[in-house]
1. Is it the case that some residue within region B:256-276 is crowded, with 17+ Cβ neighbours inside 10 Å, in a loop (DSSP other than H, G, I, E, B), modelled with pLDDT of 95 or more and within 12 Å of another protein chain (Cβ to nearest Cβ)?
2. Among the numbered criteria (1) free of Cβ contacts under 8 Å to residues at least 40 places away in the same chain; (2) within 14 Å of chain B (Cβ to nearest Cβ); (3) not charged (D, E, K, R), which single criterion is violated by A:Pro289?
3. Filter region B:92-104 for residues that are among the hydrophobic types (A, V, I, L, M, F, W, C) and closer than 15 Å to B:Gly146 by Cβ and give the result.
4. Show the residue pairs that are 6+ apart or on different chains and have beta-carbon atoms under 7 Å apart, the first residue being within region B:238-254 and closer than 18 Å to A:Glu283 by Cβ, the second being in a strand (DSSP E or B) and among the charged types (D, E, K, R).
5. Take A:Ile238 and decide whether it is in contact (Cβ under 8 Å) with a residue 60 or more places away in the chain and not assigned by TED's automatic domain parsing to the domain that holds A:Val310.
6. Of all residues in region B:483-512, count the ones that are among the aromatic types (Phe, Trp, Tyr), under 30 Å from B:Gly299 (Cα atoms) and under 21 Å from the mean Cα position of the chain (by Cα).
7. Mind checking whether some residue in region A:248-263 is touching a residue at least 24 places away in the same chain (Cβ under 8 Å), more than 19 Å from B:Ser213 (Cβ to Cβ) and within 14 Å of chain B (Cβ to nearest Cβ)?
8. Identify all residues within region B:67-117 that are free of Cβ contacts under 8 Å to residues at least 24 places away in the same chain and among the β-branched types (Val, Ile, Thr); write none if there are none.
Amino acid sequence: MPLYQYIVRRVLFAIPLVLGITVVAFLIANAIPADPINANLPQSALNNERLVAAFREKWGLDQPLHVQYLTYLGNLLQGDMGVSIRTNQPVLDDIRQFLPATVELATTSILVGLLLGVSFGIVSAVWRNSPVDYLVRVLALIGVSFPVFLLALIGLSVLHAQLGWTAGPGRLGFLVSRPPHVTGLYTVDALLAGQWATLRDALWHLVLPSLVLGMYVSGIIARITRSSLLEVLSSDYIRTARAKGQREAFVILRHGLSNALIPVVTLLGVLYGNLLAGAVLTEAIFAWPGIGRYAYRASTSQDFPAIMGVSMLIAFIYVVANFIVDFLYFFIDPRIRYA
Amino acid sequence: MNLKPAASTRAIGALFLGAVLVLALVGTSHAQETIVIGHAEITEAYDPAHAFNPTSGMVNRIAYDTLVTFPDADASAIEPLLATSWTISDDGLTYTFTLREGVTFVDGSPLTAEDVVFSFERLKNVQAQPSFLADPIASLEAIDAGTVAITLTAVRPSFLAELANTAFSVTHAATVRANGGTDAADAAESDAAQAYLNQTSAGTGPYVLESWSPQDRTVLVRNPDYWGEAPFFDRVIIVNIPEAATQRVALVAGNVDLATDLTPDQVVALEGEDDIGIYLGPGRWTHFLLMNRDPEVGGPMADPLVAQAVRLALDYQGYRDLWAGSVTPGSNMWVGLAGAYGQDQALERDLDRARALMAEAGYADGFEVTMHYADLTWAGVSLSTNAQKIQADLADIGITVRLLPSEVQVALEGYRNGTQGFGYWFWGPDKLDPVDFLEFLPGGKVAGERARWMPEMIDEATRALIARAGVETDADERMAIFSQLQDYAQQDSAFAPFSVPAVQTAFRADIEGYVWHPQWGLDIALLSRK
């Protein structure tokens, strides 16, 4: 199958997926047995029928559900995600504002997780059943099962407050002024503006949260890498490579790892999506103004346009991440090309 | 700007060098005093006509001024701010304010009555969260540049207290209009100034909003032309730290000077730390017992003599010892309100009199009763702890109390339906005005719906007094009326208020001037550094 055909097929698959997500997200958001009026108007205003009616009309809450949905879909096709009830701003603007913080953190976290996870996985597989293997496996188990928010709190109070080894909460020191907005990623913006001190501070503030989230990611990756590498290392072509007298390190890294990483790549797409969508608690504890907090606040105040916007965004991220993963397969796994 | 890559790099380099030089100069000329406040931000707006929550209250308190205000720590009086004086018409409907002279907005324009009219009309017409506050206003008139008249749709003695809300901040009409604002009747659709007012302020307050990055931080700088006494800090940075646990870490590590949202147990744990200061002051919640006046529901508790015995049997000092910094209220009127009875006028425990009242009511041998309450900790106070103490206190006059805690929504159901004969509840004033107390007197919602204490159960004179309290607008007259009503409630009432627990906050030890206020929380302009 040629590359272009492969890509077109993947894109076509994504369309019903995204459409299905709009339906499900819309129904779930509306199924909550509570009235957004209660969440968005103060108590004293609720007694005022004029204000309540005006609120319903303004947000289209007086329309039947299917009309609300079709209106939403129509606007969405024109790139209009609506206006948030809470912030009174276009949802797209809100997302633009909160997404970069999350992207920055998720990206560094996945890098940390990948680096640690793959290294641990290799060590564990190569020295299988040795004390090192047991240690790594226990660490991986802790990484996966230890609540991330607790790790975050312990990290902050011990590593930051008591020892002063890491930066405190926030994306930048509280007294540091923000770099001029270009991408919203402080590291990139500081770099573009040539603000080296700000860049250093932004990186410094990424260390602890990335380590905390990366611990979780590395736990999963280490386990997959280990089992996958063990399987590969017992295959015939590895034995052949060894028989040819190639150096063990070369055999493991070149022949073994490149094949063993295929399931890890699959996992990366999902994990990155998870990090972008599901780091609510970590964002709260590190005072990280990201999309997770935005989603949480949108759902607690039944801000339908914002809930829908975030759901669409997350769905989109998953679709894109998996699309990239599929795309990578095409190159790293020849079997797909001939399937 | 169309620069070649090399030129743009050089330009950036030059800019950077320039910035470093400027910073170095500023750094050597004089030290900027900056305060960093850790706060769980919950606002969606700073535009005074749209914002209605603790975060915007704290920020707009220092970015804007209202016509009138409260004292620093409570709502015990109405004080002048942008209005130096005011009169109320004989029919109680028209309030005429004389504006302070020499007040300018941040752009240098003088404050005029037109600005007041514009701000309040806009508040009313944008139909946003706080707009209901302006609903009682029938019309506004700028009589001359320095005089504004507000006419209400009905007599409303609490109007001045409501005017102290930051929703009634006076904004500069011309600036707001120039940025898309309007006070027209269709402002709900046509006003577009919110985006502008969320990023900068157009007020007369001690500070100017410099920037707001939602969920991240809010920066304010000192207003150099402020009409009043200049605040201590040049710059205020309010950083959003949603988690109380993180606020504690940031405070201990010195990242922030003050944390606004610590839990009481976190504050207690910080006590004794050298570099941490603690504030304790009366909070806004009054804890009280409810004794239903319907004999079918209340049983012996419906007897006014028993209710009085209960009020005399409570060990008020004990509740103060239990909750550090708490005070005993003299009535169900919140202790911070104008004319409210506080600890000095509160009842004291008198077991002999209480026992005599029990005997007079025919319960010399006591009785058994069930006490309903919500099983929760509210603002750091465990209701269960208090309930056990109530049980012990009342045992001293022969009342055997069975405790019946339940989940808060369940308990509320019985409370709101008036089916609890004996209950333990708490109340925070809806309006920071004495009329709030009328809820707890016959004719009021709490008294009628929850305690079945009806107007026909009290004498004619007291009924008339209550009716007057709802419409009297003269400050001295009101004081006299509410004193009489509190005296009355100490003798005869379906309620027994017993504790106003403290508010607790922690800050770095070099911060001075912290005062908590029930309206705006924290007034940053009062803070300074040792």
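The values are calculated or read from the model by the stated rules, or taken from the named source; none is laboratory data. Please read all numbers here as calculations on a predicted model, not as lab measurements. Every residue, glycine among them, receives a Cβ derived from its backbone with ideal geometry; neighbour counts consider all protein chains shown.
1. Among the residues of region B:256-276, at least one is crowded, with 17+ Cβ neighbours inside 10 Å, in a loop (DSSP other than H, G, I, E, B), modelled with pLDDT of 95 or more and within 12 Å of another protein chain (Cβ to nearest Cβ), which makes the answer yes.
2. For A:Pro289, the exception is condition (1).
3. Result: B:Phe97, B:Leu99, B:Val103.
4. B:Val239/B:Arg217; B:Asn240/B:Arg217
5. Answer is no for this residue.
6. Going through region B:483-512 one residue at a time, the tally reaches 1.
7. No.
8. Selection gives B:Thr84, B:Thr87.
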